[in-house]
Amino acid sequence: MDIYMTGINYSNAELEYREMFSLTLENQAIIAKKLINLGMAKGCIFLSTCNRTELWISGNNPLAIDFFINEVLKSYEVNLLIKKDIEERFIVRRGEEAIDYLLELACGIHSQIFGEDQILTQLKVATDNARENEYVDSILETLFRTAVTGAKKVKTEITLTNKNRSLPESIISQLEEKYGLLRERPCLVIGNGEMGRLMAGCLVEARAKVEMTLRQYKKKQAVIPYGSGVVLYEERYNGIEEKEFIFSATRSPHYTMKFEDLKTLLKRDKNYYFIDMALPRDIDPRINELDNVTLLHIDDFGVSAECSDEDLEATRDILLEYKHDFINWYNIRTLAPKVNEISEVIGELTDCKLTKVYKNINISEDDKGFLQSSVQAAAKKAVSKIIFGLRENMEIEQYNQLLQALELTARNSR
């Protein structure tokens, strides 16, 4: 099966390495189209989140992974030892192993926040981006759609965890455990994307005093969580000294909070907590040099897996059905042309066998033509249905042999 993936994530690569491979949508499209144009892939999907970067490939060219890594690293000055270290962090999964992993990933089993729901949206966005930029093929698109559908089925039937179900919820829970309740404490959320809105919404639920940044040009179309105040992005430093918790979750290639600005604005007799939820990072890491500042990154938050063996086994039983559905689709997809050819021949033979019958029927020529084409189409559909139905009761090798025999017989019957 010509499907495989490679990637790094929070469990096997430091933030600095993951940051290198956190690509813009434009760069994702450039690399994907290079792989396709060079014949290294038939289709691609990039899954890029704050915790992971994965490249999914439809094809079987082993050079694609090295090409991808080298394309990214050529933008950085890294020596051979670091390059080798980075390459060794990349995991590669192929065929059914890759399918199993993606199905479980969609359920949140491999997420930093075990069982979280955001991964579903991230999978959909990854597929949409690949489709809109025209570098995905039907195989990967169907695989990702199957994973999302399977995960939805799991989430309606099984509760994988009683823990918090999103990164923002987990961050608030852990902050409150360490620094006290956030109720009535002033917070600023930088970024009006999905993660920023989720963060602001969860802070409102925690009864914090929340303000969220908004760029001027997006003001009309922006969605602001109810209960959150608004500050223009360009004015984000105004009143920053009065805030206590500052969260940043943007896709900006530049720092949203800079050391030079903050060191003159922050009060010296007050503690500040900066939470950088972005990749690449939003907040200048040098602010950690300030005595009254605590800087936390995405890797500082996580929830261990708390799921019973029974629930995990039940989850995998459900996912197994979706895996089989995809594999059946994958196999039948390649065999469909053969089935269609066989059905076409059967339709022609049926038409020939009924020639005398048509002549003896006392109806108009138009009606006779309509009857003839209808019978031929019905014969084709019936044969196709029977042949495809046989697949469910046969091993794929046996099924292939049967099709080859039928195909040869059909051709000799013409």
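Computed from the coordinates by the stated procedures, all read-outs in this text should not be read as laboratory data. These numbers were taken from a predicted model, which means no experiment stands behind them. No Cβ is skipped: glycine too gets one built from the backbone with ideal geometry, and neighbour counts run over all protein chains shown.
Which longest uninterrupted range of the chain lacks any GluC sites (Glu not before Pro) assigned by DSSP to a loop state (not H, G, I, E or B) and surrounded by at most 16 other Cβ atoms within 10 Å?
Values: sites that count: GLU14, GLU77, GLU134, GLU184, GLU244, GLU306, GLU395.
My reading of the result: 307-394 is the longest stretch.
Quick one: dipole size for the chain, taken about the Cα centre, charges +1 on Lys/Arg Cβ and -1 on Asp/Glu Cβ, in debye to the nearest 20. List each step's numbers first, then the result.
Values: 53 positive and 65 negative charges, 264 e Å.
My answer is approximately 1260 debye.
Within a Cβ distance under 12 Å of PHE21, other residues only, what is the Lys/Arg minus Asp/Glu net charge? List each step's numbers first, then the result.
Details: positive: ARG18, ARG52, ARG89; negative: GLU14, GLU16, GLU19, GLU54, GLU71, GLU87.
Net local charge, PHE21 excluded: -3.
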Fill in the blank from the handout: Listed by chain and number, the lysines with an alpha carbon less than 30 angstrom from that of LYS178, same-chain partners under 8 positions apart left out, are LYS163, LYS209, LYS243, LYS258, LYS263, LYS267, LYS270
Fill in the blank from the handout: Counting only residues 5 or more apart in sequence or on a different chain, those whose built amide H sits under 5 Å from that of LEU354 are none
Fill in the blank from the handout: the chain: antiparallel bridges as % of DSSP beta bridges, rounded to 5, reads 45
Handout entry: Sequence-distant residues sharing a close amide H with GLY43 (under 5 Å, placed H)
Key = SER58
Handout entry: Non-local Lys pairs in the stretch 335-413, i.e. 8 or more apart or on different chains, that have alpha carbons under 19 Å apart
Key = 9
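What is the dipole size for the stretch 63-121, taken about its Cα centre, with +1 at each Lys and Arg Cβ and -1 at each Asp and Glu Cβ, in debye to the nearest 20? Present the calculation step by step, with values, prior to reporting the outcome.
On the way: 6 positive and 12 negative charges, 50 e Å.
Approximately 240 debye in magnitude.
Exactly which chymotrypsin sites (Phe, Trp or Tyr not before Pro) in the stretch 219-264 are in a DSSP loop and have at most 16 other Cβ atoms within 10 Å?
Working: sites: TYR226, TYR233, TYR237, PHE245, PHE247, TYR255, PHE259; in loops: TYR226, TYR237, TYR255.
Qualifying residues, ordered by number: TYR226, TYR237.
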Handout entry: Value of relative contact order over the chain, rounded to a whole percent, pairs C-alpha under 8 Å and six or more apart
Key = 13
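Can you classify the stretch 138-197 as rounded, prolate or oblate using the Cα gyration tensor, where a ≥ b ≥ c are the square roots of its eigenvalues, rounded means a/c under 1.5, and otherwise it's prolate if a/b beats b/c and oblate if not?
Details: a/c = 4.39, a/b = 1.89, b/c = 2.32.
Since a/c reaches 1.5 but b/c is at least a/b, the shape of the stretch 138-197 is classed as oblate.
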Exercise for the section: Just add up the charged neighbours of THR127: K/R +1, D/E -1, any other residue whose Cβ is under 10 Å from the Cβ of THR127. Expected result: 0
Handout entry: In degrees, nearest ten, helix 309-353 long axis to first principal axis of the chain (Cα)
Key = 30
Fill in the blank from the handout: Phi angles of the stretch 14-22, converted by Karplus (6.51 cos²θ - 1.76 cosθ + 1.60, θ = phi - 60°) into ³J(HN,Hα) in whole Hz with x for Gly and Pro, give 5, 4, 4, 6, 4, 4, 4, 9, 7
Handout entry: Qualifying chymotrypsin sites (Phe, Trp or Tyr not before Pro) in the stretch 1-79, DSSP loop, other Cβ atoms within 10 Å at most 13
Key = TYR76
